[in-house]
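**Q** The structure follows.
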Amino acid sequence: MDILKKDIMPITDSAWEELVEQAEITLKSTLTARKFVDVDGPKGWEFSAVPLGRLEFPKGEKNKNYGIRQVMPLVE
């Protein structure tokens, strides 16, 4: 697959080698976090928040036992 259309660009082979080398250096330093981060997904368009695994219990509510789930909303 030739996404960069190398055959129609007026760039020499040595210049392409330099571009590819610099792109590899930049991408490797930028994308290294993916090795350390757990990625869970894709979740789809209906997924709007990530549960934090915690409950908030409202104060001042006597004789009522309930908790509100804590979530982290997703931003588009």
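The values are calculated or read from the model by the stated rules, or taken from the named source; none is laboratory data. Keep in mind the model is a prediction, meaning the values are calculated, not measured. Glycine gets a Cβ as well: all are built from the backbone with ideal geometry, and neighbour counts include every protein chain shown.
**Q** Pull up the stretch 24-68, narrow it to residues that are small (Gly, Ala, Ser) and more than 17 Å from the chain's Cα centre (by Cα), then point me to the one that is modelled with the highest pLDDT.
**A** We begin by selecting, within the stretch 24-68, every residue small (Gly, Ala, Ser); these are 29, 33, 41, 44, 48-49, 53, 60, 67.
Right, trim to more than 17 Å from the chain's Cα centre (by Cα) and you get 53, 60, 67.
Values: 53: 93, 60: 78, 67: 89.
Among them, the one singled out is 53.
**Q** Considering the stretch 1-23 alone, what residues qualify as being assigned to a helix (DSSP H, G or I) and exposed (fewer than 10 other Cβ atoms within 10 Å of the Cβ)?
**A** 7, 8, 13, 14
**Q** Within the stretch 49-68, can one find any residue that is in contact (Cβ under 8 Å) with a residue 24 or more places away in the chain and in a strand (DSSP E or B)?
**A** The answer is yes, given that some residue of the stretch 49-68 is in contact (Cβ under 8 Å) with a residue 24 or more places away in the chain and in a strand (DSSP E or B).
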